[in-house]
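Reading through the structure tokens given below for one structure.
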Amino acid sequence: MTSSEASGRTPLLSAEKAAEARERFGTPCYVYDRATLEATARRALAFPAPYGFTLRYAMKANPSRGILAVFRTLGLHVDASSDWEVERALRAGFAPEQILLTSQMPSHRIAEHVGRGVFLNALLLAPVGGIRPRYARTRDRGPHEPRTRQRLGEAHEHRRSLCELRHLARLRG
């Protein structure tokens, strides 16, 4: 029994179409339904948000360039979780200000990314301490506004800080 049959959903591909894709592209082969991706993104974009919001696609879900192109065309931004994903998003045509780096591991290229206009969402304040001085030495583009919120953390941490570094000139412009 396939997962589609078990869930009661209609499969995306018939057995014949799946065989055709296997013959044409080889295996493994991944097939996505563009109409479903677009419809889901449009529904999310239509959420009522009286103060606005930015819809971001989490690249770690699937960094396929084709999927990135679909979401970029619809106006979504991306949530990149690594230096590699930042570069991939840039190569896929996203502007730096459409990229939010939410790396849980310290990035060795934070100053470079922030200098290009990529937004940074740092989960721990400890690595953030070295960002501002390095960034200020590489390219001073104006004041930054750190925002912190305290929340409960994992078992080995009683408190974690969520800090988002934003370039005020970009926010005001």
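The values are calculated or read from the model by the stated rules, or taken from the named source; none is laboratory data. Predicted model only: the values in this text are computed from it and were never measured. FYI the Cβ positions are ideal-geometry reconstructions off the backbone, even for glycines, and counts take in every protein chain you see.
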Ser64 farther than 17 Å from Asn121 by Cα, modelled with pLDDT under 95 and in the same structural domain as Ile110 (by TED's automatic domain parsing):
yes
Ala21 meets each of (1) closer than 14 Å to Phe119 by Cα; (2) of a type in the set (A, V, I, L, M); (3) touching a Cys at 6+ places or on another chain (Cβ under 7 Å) with one exception, condition (1)
Modelled with pLDDT of 95 or more, outside any helix (DSSP H, G or I) and out of contact with any Phe, Trp or Tyr (no Cβ under 8 Å at 6 or more places or on another chain), is that true of Gly75?
yes
Anything in the range 51-64 that is loosely packed, with under 13 Cβ neighbours inside 10 Å and part of a helix (DSSP H, G or I)? List them, or say none.
Lys60, Ala61
Any chance Ala44 is of a type in the set (A, V, I, L, M, F, W, C) and farther than 18 Å from Phe119 by Cβ
yes
Per-region count, the range 30-41, residues surrounded by fewer than 12 Cβ atoms within 10 Å (Cβ to Cβ), charged (D, E, K, R) and part of a helix (DSSP H, G or I)
1
Boolean, Thr27 is of a type in the set (Val, Ile, Thr), assigned to a loop (DSSP other than H, G, I, E, B) and surrounded by 11 or more Cβ atoms within 10 Å (Cβ to Cβ):
no
If you take the residues in the range 81-118 that are modelled with pLDDT under 90, surrounded by 13 or more Cβ atoms within 10 Å (Cβ to Cβ) and not small (Gly, Ala, Ser), which one is nearest to Tyr57 (Cα to Cα)?
Thr102
